[in-house]
Amino acid sequence: MKLAGLLLTLLAAWYLGYLFAAFVPEKIITTSIANLQDIGKKPVLRAPVPKRQKCDHWSPCSPGSYAYRILSGGGKGKLAKICFEDELLISEEKGNVGRGINVATVNCNCVIDSTDHSGEMMTFIKNVPEGSLLFMVTHDDGSTRLKNDAKKLVEELGSKEIWNMKFRSSWAFIAAKGFKLPDNIQKEKINHSDKKKNRYDGWPAEIQIEGCIPRNLI
């Protein structure tokens, strides 16, 4: 009797399932199964894609500041870059990176230029108008052709490392002519070539300086 009852129950269940599948739309069944599978799952929260900042800063400068970023060369394939307010002043893309010390200036008229030879660099710096920013960065070697009078001139702009520069030192420097930069911004950085520590074959790792300069200074 128990076996007959069990068989009758299974037959009834099968028949009810057949009727359910025949009369209930397939879409409802599929949706219901999917909803059951989602029970217990935690919702996935996706962070918004971060907005790109000027000169690839991690965080934006205030509306009253200019953004800048200077990057020295590193190895033969990584050339120097100077960016100001999201405009590349010196870069591989612009085709104006030279071996040695590359210099770019920005003043109230956004005058931009560059040079990488000791004598030309001195003339260039002396002719830069008052109220200008100067960005200096090395690619390859900036010390071999750099003479003492040029070093003295850069020192007068505030450099503390120009006399310490060695063969293929990575060096970055920000200066102002005719005004004083804020004390809280990094103005200079240097990294010397060291066979035991070099990132590249015969080259030290590239270095960079970035920050924000108040607009009312320029």
Give me the net charge of residue 76's neighbourhood, meaning all other residues with Cβ under 10 Å from the Cβ of residue 76; Lys, Arg count +1, Asp, Glu -1.
-> -1
Cα-Cα over 23 Å, subset of 94/160; 147/177; 94/151 = 94/160; 94/151
Using θ = phi - 60° and the Karplus form 6.51 cos²θ - 1.76 cosθ + 1.60, what ³J(HN,Hα) does each residue of segment 180-186 get, whole Hz, x for Gly and Pro?
-> 9, 6, x, 5, 8, 9, 6
Using 0.36 nm per residue of separation minus the Cα-Cα distance, give me the extension gain between residue 56 and residue 164 in nm, one decimal.
-> 35.9 nm
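From the cross-link list 54/152; 81/189; 126/180, which pairs have alpha carbons spaced over 25 Å apart?
54/152
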Hey, what do the phi angles of segment 93-104 turn into as Karplus ³J(HN,Hα) couplings, whole Hz, using 6.51/-1.76/1.60 and θ = phi - 60°, x for Gly and Pro?
-> 4, 7, x, 10, 8, x, 6, x, 9, 9, 10, 10
Just how large is the dipole of segment 70-218 about the Cα centre, in debye to the nearest 20, putting +1 at every Lys and Arg Cβ and -1 at every Asp and Glu Cβ?
-> 560 debye
Applying the Karplus parametrisation 6.51 cos²θ - 1.76 cosθ + 1.60 with θ = phi - 60° to the phi angles of segment 79-84, what ³J(HN,Hα) value in whole Hz is obtained for each residue in order, glycine and proline being reported as x?
-> 8, 5, 9, 10, 10, 9
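Where a number appears in this text, it was derived from the coordinates with a stated rule and is not lab data. Note that the coordinates shown come from a computational prediction; the quantities given were computed from them, not determined experimentally. Please note: Cβ atoms are built from the backbone with ideal geometry, for glycine as well, and neighbour counts cover all protein chains shown.
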